[in-house]
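Student: I'd like to ask you about the structure that follows.
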Amino acid sequence: MSSNGQNLVIGTSLIHGTGGFAARDFNPGDCVLEYIGERISKEESLLRCEAGNPFIFFLDEQWNLDGSVDWNPARFLNHSCAPNCNAELVEGRIWITARHAIRAGEELTFNYSYDLTEFREHPCRCGAPGCVGYMVAEEFFDIVRGR
Ligand SMILES: [Zn+2]
């Protein structure tokens, strides 16, 4: 385990590979950390997505964010269908915030909010009781459940 700041501890995930864990308790709405990365154009974003980069987020009509960089510890947070964090886009920056009360030591997760494009290539093994089987945004849960 290694610590990143005072909010996050990196360790072996219960879900997949490496994960991020709460270094302290959080109240609902608390900011855990910023999801940072490289600001890239939509064209560059398309190329990287096609190359299989799963760390790209929408920022605004002009820019996306590629979080697959060493200086972004939030990249270790896994997707979950029943996450304990939200990824909130506020004025062109992405913040990982507590969705509900979180205890120190809990693995931190958020919904990667992928759309339905090739959703079968992103199977979900989050283990949540309501897992829909694929990493998609909540608005698509009913569509992919049981597929
Ligand atoms: Zn799941």
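Student: If I take R0 = 25 Å and measure r between the Cβ atoms of Ile15 and Phe141 in this structure, what FRET efficiency does the formula 1/(1 + (r/R0)^6) give, to the nearest 0.05?
Tutor: Efficiency at R0 = 25 Å is approximately 0.90.
Student: Suppose we keep just the alpha-carbon trace of region 39-85; what are its Rg and Dmax in angstrom?
Tutor: 11.7, 32
Student: For the chain, set up a Gaussian network in which alpha carbons nearer than 10 Å are linked by springs, and say which option among Val69, Val90, Val132 fluctuates the most.
Tutor: Val90
Student: Taking region 74-120, which GluC sites (Glu not before Pro) meet the DSSP loop condition and have no more than 11 other C-beta atoms within 10 Å?
Tutor: Glu91, Glu118
Student: To continue, here is another question. Fully extended, how many nm does the chain gain between Arg39 and Ala104 (0.36 nm per residue separation, minus their Cα-Cα distance)?
Tutor: Here the segment from Arg39 to Ala104 would lengthen by 20.3 nm.
Student: Per 5 Å bin from zero, what fraction in whole % of the C-alpha pairs of the chain is there, up to the bin with the longest pair?
Tutor: Here the calculated profile for the chain is 2, 10, 19, 22, 21, 16, 8, 2, 0.
Student: Residue separation times 0.36 nm, minus the C-alpha to C-alpha distance between Asn53 and Arg24: what's the value?
Tutor: Extra length available between Asn53 and Arg24 comes to 7.4 nm.
Student: Please compute, for the alpha-carbon atoms of region 1-86, the extent along each of the three principal axes and give them in descending order in Å.
Tutor: 39, 26, 26
Student: To the nearest 500 deg cm²/dmol, what mean residue ellipticity at 222 nm is calculated for the chain from DSSP H runs of n ≥ 4 alone, each contributing -39,500 (n - 2.57), summed and divided by the residues?
Tutor: Result for the chain: -2000 deg cm²/dmol, rounded to the nearest 500.
Where a number appears in this text, it was derived from the coordinates with a stated rule and is not lab data. What you are looking at is a predicted structure, and each value in this text was computed from that prediction instead of being measured. Methodologically, a virtual Cβ is constructed for each residue, glycine included, from the backbone with ideal geometry; neighbour enumeration extends over all protein chains shown.
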